[in-house]
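**Student:** To start, I am sharing the structure in question, which I have written as structure tokens.
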Amino acid sequence: MVDSTEVTYKAFSSDTILGKNRQLFSVMLNDNVQFKFVNRDSIAHNVFIESWIEGINIPAFSTADTTIICNKTGVFSVEDIDENERYLGLSGSLVVSVNEPTYFYWNLKELQSSFSNLLDESMPINFNEYQPNYFMINGRSNPDIGLDSLAKIRGKVGDTLRLVIHNGGNSVHSLHFHGYHFKIISSNLKPFAIGWEKDTYAVLAGENVVVEIVPDKPGEYPVHDHNLVATTANNIYPNGMFTTLVITP
Amino acid sequence: MRSKIVILFLAVSFLVKAQDELLIARTTGTKTLVDGTVINTFGFAKRLSENPNVPGPTLEFYEGDSVVIDMWNVSQASTHTIHLHGLDVNQQNDGVPHLSFEVDHMEHGLYRFKAPHPGTYLYHCHVVSVLHVQAGMYGLLVIKPKGEENMTWENGYKFRRAYNFLTSEIDTAWHSLDVLEHSYDHSAIAVPDYKPTYFLCNGLADSEYNFGDSLRFSTGANSYLRFANIGYYGNRIILPKELNTKVIDSDGRPLPDVFDWDTIMIYPGERYSVLVNPTVDFADSIKIEYVNMNTYQTQGINKLSFKTYNSAGIESHLKGSIKITPNPFYNELHIASINAFKGIELCDVLGNQILAESLTVCNEYRANTTSFRSGVYILKVKFLDGTSLSKKVIKY
């Protein structure tokens, strides 16, 4: 974690380097995509790909294959079916685009370190008592979020910037953008909000939302969870879900 | 010699003009909660003589106004800022310490912006924001369309009356001096776990809202309800179906479609506005549930009692809309109302004015009555919309 605390975490990646910041798969519309799942964990996993695969079992230290034709655009969740495994970090996104992807990506995630440690010891947890103490974007907290080139939004005045947000956590994250209103382009859980112009948007657990920002002035502006408790890490401010947009003239 | 006098006069004129709105940041406030518990607070006030309220004064501007907010930090502790939440101001005026500027002890900070779209916004301190917002440094900011007092926005919806609802929570552990008096180095500030036990709307909670006639919505006409959430919990706003609620705007922008919803979720930092237009006379309440965003459990409830009324009886809508405690009173008189008020007067039975306070817009006020003689007084509360209400009070 940002304060050097070690916490049990699980992740997947589209390459051989596992990391909390790499849980994004990008393909083109009508791509015929062959997934080869390699499970390096000591337990079996069952992976769900929203809209295409309800569950594919991958035994411990084994592999599984499947093929899908990505015949519709959008953002789709890629997750372990098991609630606890998903909580430990196995939650990401498949983005199907028409053109070469030019978007930023935020995978929102919070965790309670004591819960993660209990799960590591195969002990039960109770989400009715969930009080997370770490809050991350792509696995990082402030000030490290800016080190992730997919997360750090940089652009120019007049650019059309698209941001894909996936809430892979269990909590709601109410993101507030300084400097600019943005437009909701798509959402799997709140389709009624498409077309709304907002400065604060609550991303529900499991939600995939695409927002569009067209900056009208230069500057560096924060974006953060306005549940301000989520701007802390292990009760220390300001090491939580907080980053900035950097817009040049 | 004469030219020097003229130069001094011009300088004074400039300073006065720059103070379109003055907000005084204080860290020595206190707030009495519904059960009598007194907590330490930070906050904003418009005058040095005022105890900073939680929330701070509601700021109102008109679309297109060139606004200067002069924030004067007279607190003894931290630096402070004003973040103009949702106004999309430039970086210099954004109120984020390391990206804009901080206002030191006894210094002034000027925030300049042009009032954008009509709508509902917030302002709050962004220094150690998790702590300073919980401490009370926040308020509502409303922008109205120019020249159209009872319109939502140009070519929008007409309404008869508007009500503002700003929700938040209080965790008393965060209000101990050990927590509030944090380090000047803002790089690592420790805060307690957040476990609020008081759930506020316009700074009031629970039985403080059981006024019966607090809210009056006219039948056959729109009332405009602005909701804003500056707390750290989600709010589920449940309106009775008979109010015929239409959700029309959020975050200072009209929604592309109107939604006939009677339940709205408003998360931290969000604002939603609705029109209610009942067709029958009835009494009920708007329910606000405070939802923990990690466990999804409702941990607090506020009920805003209302009645509908026939438009012909408009002047009677304020009856019973204020709560005066205690009455009879001794050393202090507490006045609370769901309808924002801007002044109070207290006269004796002979009509002699004993107290006259012109206030910034507020929903509660505490008058020190230690020096008053025992006897009967008439208290007059002046509301924001120009109406007033008088009540008899007794000093023991």
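The values are calculated or read from the model by the stated rules, or taken from the named source; none is laboratory data. Just so we're clear, the structure is a prediction, and the values are computed from it rather than from any experiment. So basically every Cβ, Gly included, is an ideal-geometry build from the backbone, and we count neighbours across all protein chains shown.
**Student:** Residues being crowded, with 16+ Cβ neighbours inside 10 Å and either modelled with pLDDT under 90 or among the hydroxyl-bearing types (Ser, Thr, Tyr) (or both): count how many of those fall in segment B:281-297.
**Tutor:** Result for segment B:281-297: 3.
**Student:** Can you work out which of the residues in segment A:230-249 that are over 19 Å from the mean Cα position of the chain (by Cα) and outside any loop (DSSP other than H, G, I, E, B) is farthest from the other protein chains (Cβ to nearest Cβ)?
**Tutor:** For segment A:230-249, the residue satisfying everything is A:Thr248.
**Student:** Here's a follow-up. Inside segment A:124-144, can you point out the residues that are farther than 17 Å from A:Asn84 by Cα and surrounded by fewer than 17 Cβ atoms within 10 Å (Cβ to Cβ)?
**Tutor:** A:Pro143, the sole residue that qualifies.
**Student:** Here is a further query. Filter segment A:188-199 for residues that are touching a Leu at 6+ places or on another chain (Cβ under 8 Å) and at the interface with another protein chain (Cβ under 7 Å from one of its Cβ atoms) and give the result.
**Tutor:** Our first condition is that a residue be touching a Leu at 6+ places or on another chain (Cβ under 8 Å); within segment A:188-199, this holds for A:189-190, A:196.
Selection gives A:Trp196 alone.
**Student:** Does any residue of segment A:200-223 turn out to be buried (at least 22 other Cβ atoms within 10 Å of the Cβ), more than 10 Å from chain B (Cβ to nearest Cβ) and closer than 28 Å to B:Ser187 by Cα?
**Tutor:** yes
**Student:** State yes or no: is B:Leu110 closer than 15 Å to B:Ile24 by Cβ, aliphatic (A, V, I, L, M) and modelled with pLDDT of 95 or more? Full working, then the answer.
**Tutor:** On the way: closer than 15 Å to B:Ile24 by Cβ: yes; aliphatic (A, V, I, L, M): yes; modelled with pLDDT of 95 or more: yes.
Spelling it out, B:Leu110 is indeed closer than 15 Å to B:Ile24 by Cβ, aliphatic (A, V, I, L, M) and modelled with pLDDT of 95 or more.
Results for (1) under 19 Å from the mean Cα position of the chain (by Cα); (2) under 19 Å from A:Leu88 (Cβ atoms); (3) of a type outside the set (A, V, I, L, M, F, W, C), shown as yes or no for each residue.
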{"position": "A:Val7", "(1), (2), (3)": "yes, yes, no"}
{"position": "A:Asp15", "(1), (2), (3)": "yes, no, yes"}
{"position": "A:Met28", "(1), (2), (3)": "no, no, no"}
{"position": "A:Val38", "(1), (2), (3)": "no, yes, no"}
{"position": "A:Glu54", "(1), (2), (3)": "no, no, yes"}
{"position": "A:Thr63", "(1), (2), (3)": "no, no, yes"}
{"position": "A:Ile69", "(1), (2), (3)": "no, no, no"}
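**Student:** Consider segment B:315-336. How many of its residues are closer than 23 Å to B:Ser218 by Cα and either in contact with a helix residue (DSSP H, G or I) (Cβ under 8 Å, 6 or more places away or on another chain) or modelled with pLDDT of 80 or more (or both)?
**Tutor:** Restricting attention to segment B:315-336, the residues satisfying the condition of being closer than 23 Å to B:Ser218 by Cα are B:315-323, B:336.
Filter once more, keeping what is either in contact with a helix residue (DSSP H, G or I) (Cβ under 8 Å, 6 or more places away or on another chain) or modelled with pLDDT of 80 or more (or both): B:323, B:336.
Total meeting the criteria: 2.
**Student:** Run down A:Ile137, A:Ile153, A:Ile125 and say which single residue is touching a helix residue (DSSP H, G or I) at 6+ places or on another chain (Cβ under 6 Å) and in contact (Cβ under 8 Å) with a residue 60 or more places away in the chain. Let's see the steps before the verdict.
**Tutor:** Values: A:Ile153 fails: touching a helix residue (DSSP H, G or I) at 6+ places or on another chain (Cβ under 6 Å); A:Ile125 fails: in contact (Cβ under 8 Å) with a residue 60 or more places away in the chain.
Exactly one residue qualifies, and that residue is A:Ile137.
**Student:** Across segment A:116-171, what is the total count of residues that are among the aliphatic types (A, V, I, L, M) and within 24 Å of A:Pro215 (Cα to Cα)?
**Tutor:** Step one: list which residues in segment A:116-171 are among the aliphatic types (A, V, I, L, M), which gives A:118-119, A:123, A:125, A:136-137, A:145, A:147, A:150-151, A:153, A:157, A:161, A:163-165.
If we keep only those that are within 24 Å of A:Pro215 (Cα to Cα) as well, we get A:137, A:145, A:147, A:150-151, A:153, A:157, A:161, A:163-165.
Residues meeting the conditions: 11.
**Student:** Tally time: how many residues in segment A:105-115 are within 20 Å of the chain's Cα centre (by Cα) and surrounded by fewer than 22 Cβ atoms within 10 Å (Cβ to Cβ)?
**Tutor:** Final tally of qualifying residues: 2.
**Student:** Would a scan of segment B:255-270 turn up a residue that is out of contact with any Phe, Trp or Tyr (no Cβ under 6 Å at 6 or more places or on another chain) and at pLDDT below 95?
**Tutor:** Checked against the condition, which is being out of contact with any Phe, Trp or Tyr (no Cβ under 6 Å at 6 or more places or on another chain) and at pLDDT below 95, segment B:255-270 yields no hits at all.
**Student:** When you check A:Leu204 against the structure, is it within 14 Å of the chain's Cα centre (by Cα) and either under 25 Å from A:Pro143 (Cα atoms) or at pLDDT 95 or above (or both), yes or no?
**Tutor:** Working: within 14 Å of the chain's Cα centre (by Cα): yes; either under 25 Å from A:Pro143 (Cα atoms) or at pLDDT 95 or above (or both): yes.
Yes, satisfied.
**Student:** Only one of these is touching a strand residue (DSSP E or B) at 6+ places or on another chain (Cβ under 8 Å) and away from every other protein chain (no Cβ under 14 Å): B:Gly119, B:Gly139, B:Gly86. Name it. Steps first, answer last, please.
**Tutor:** Numbers: B:Gly119 fails: away from every other protein chain (no Cβ under 14 Å); B:Gly86 fails: away from every other protein chain (no Cβ under 14 Å).
Result of the check over B:Gly119, B:Gly139, B:Gly86: B:Gly139.
**Student:** Are there any strands (runs of 3 or more DSSP E) wholly within segment B:221-301 with 3 or more residues that are over 22 Å from B:Tyr123 (Cβ atoms) and within 12 Å of another protein chain (Cβ to nearest Cβ), and if so which?
**Tutor:** Values: elements: B:223-229, B:234-238, B:246-250, B:253-259, B:263-266, B:271-276, B:283-291.
The qualifying strands (runs of 3 or more DSSP E) are B:253-259.
**Student:** Yes or no: A:Ile81 among the aliphatic types (A, V, I, L, M) and either modelled with pLDDT under 95 or over 23 Å from A:Ile137 (Cα atoms) (or both)?
**Tutor:** Working: among the aliphatic types (A, V, I, L, M): yes; either modelled with pLDDT under 95 or over 23 Å from A:Ile137 (Cα atoms) (or both): no.
So A:Ile81 does not fit the description; no.
**Student:** Return the residue satisfying two criteria in turn: it lies in segment A:174-203 and is in contact with a Ser or Thr (Cβ under 9 Å, 6 or more places away or on another chain) and assigned to a loop (DSSP other than H, G, I, E, B), and of such residues it is nearest to A:Phe76 (Cα to Cα).
**Tutor:** Among them, the one singled out is A:Asn188.
**Student:** Filter segment B:50-74 for residues that are more than 15 Å from B:Leu22 (Cβ to Cβ) and either among the β-branched types (Val, Ile, Thr) or not in a strand (DSSP E or B) (or both) and give the result.
**Tutor:** Selection gives B:Asn51, B:Val54, B:Pro55, B:Glu63, B:Gly64, B:Asp65.
**Student:** Looking for something charged (D, E, K, R) and in contact with a Pro (Cβ under 9 Å, 6 or more places away or on another chain) - is there at least one such residue anywhere in segment B:194-207? Write out each step before concluding.
**Tutor:** From segment B:194-207, those charged (D, E, K, R) are B:195, B:206; that's our starting set.
Now restrict to residues that are in contact with a Pro (Cβ under 9 Å, 6 or more places away or on another chain): none.
The answer is no, given that none of the residues of segment B:194-207 is charged (D, E, K, R) and in contact with a Pro (Cβ under 9 Å, 6 or more places away or on another chain).
**Student:** Could you count how many residues in segment A:1-60 are over 22 Å from A:Ser113 (Cα atoms), free of Cβ contacts under 8 Å to residues at least 12 places away in the same chain and assigned to a loop (DSSP other than H, G, I, E, B)?
**Tutor:** 5
**Student:** Which numbered condition trips up B:Tyr209, out of (1) out of contact with any Cys (no Cβ under 9 Å at 6 or more places or on another chain); (2) away from chain A (no Cβ under 12 Å); (3) at pLDDT below 95?
**Tutor:** Against the list (1) out of contact with any Cys (no Cβ under 9 Å at 6 or more places or on another chain); (2) away from chain A (no Cβ under 12 Å); (3) at pLDDT below 95, B:Tyr209 comes up short only on (1).
**Student:** Check A:Phe61 against each of (1) modelled with pLDDT under 95; (2) loosely packed, with under 15 Cβ neighbours inside 10 Å; (3) hydrophobic (A, V, I, L, M, F, W, C) and name the one condition it does not meet.
**Tutor:** Of the numbered conditions (1) modelled with pLDDT under 95; (2) loosely packed, with under 15 Cβ neighbours inside 10 Å; (3) hydrophobic (A, V, I, L, M, F, W, C), the odd one out for A:Phe61 is (1).
**Student:** Only strands (runs of 3 or more DSSP E) wholly contained in segment B:120-220 count here; list those with 1 or more residues that are touching a His at 6+ places or on another chain (Cβ under 7 Å).
**Tutor:** Values: elements: B:138-144, B:161-170, B:198-201, B:215-218.
Fully inside segment B:120-220 and qualifying: B:138-144, B:215-218.
**Student:** Continuing with the same structure: From the set of residues in segment B:188-205 that are more than 8 Å from chain A (Cβ to nearest Cβ) and among the small types (Gly, Ala, Ser), which is nearest to B:Tyr138 (Cα to Cα)?
**Tutor:** B:Gly203
**Student:** Looking at the structure I just gave you, is B:Tyr157 of a type in the set (Phe, Trp, Tyr), touching a helix residue (DSSP H, G or I) at 6+ places or on another chain (Cβ under 8 Å) and at pLDDT 90 or above? Working first, answer last.
**Tutor:** Working: of a type in the set (Phe, Trp, Tyr): yes; touching a helix residue (DSSP H, G or I) at 6+ places or on another chain (Cβ under 8 Å): no; at pLDDT 90 or above: yes.
Spelling it out, it is not the case that B:Tyr157 is of a type in the set (Phe, Trp, Tyr), touching a helix residue (DSSP H, G or I) at 6+ places or on another chain (Cβ under 8 Å) and at pLDDT 90 or above.
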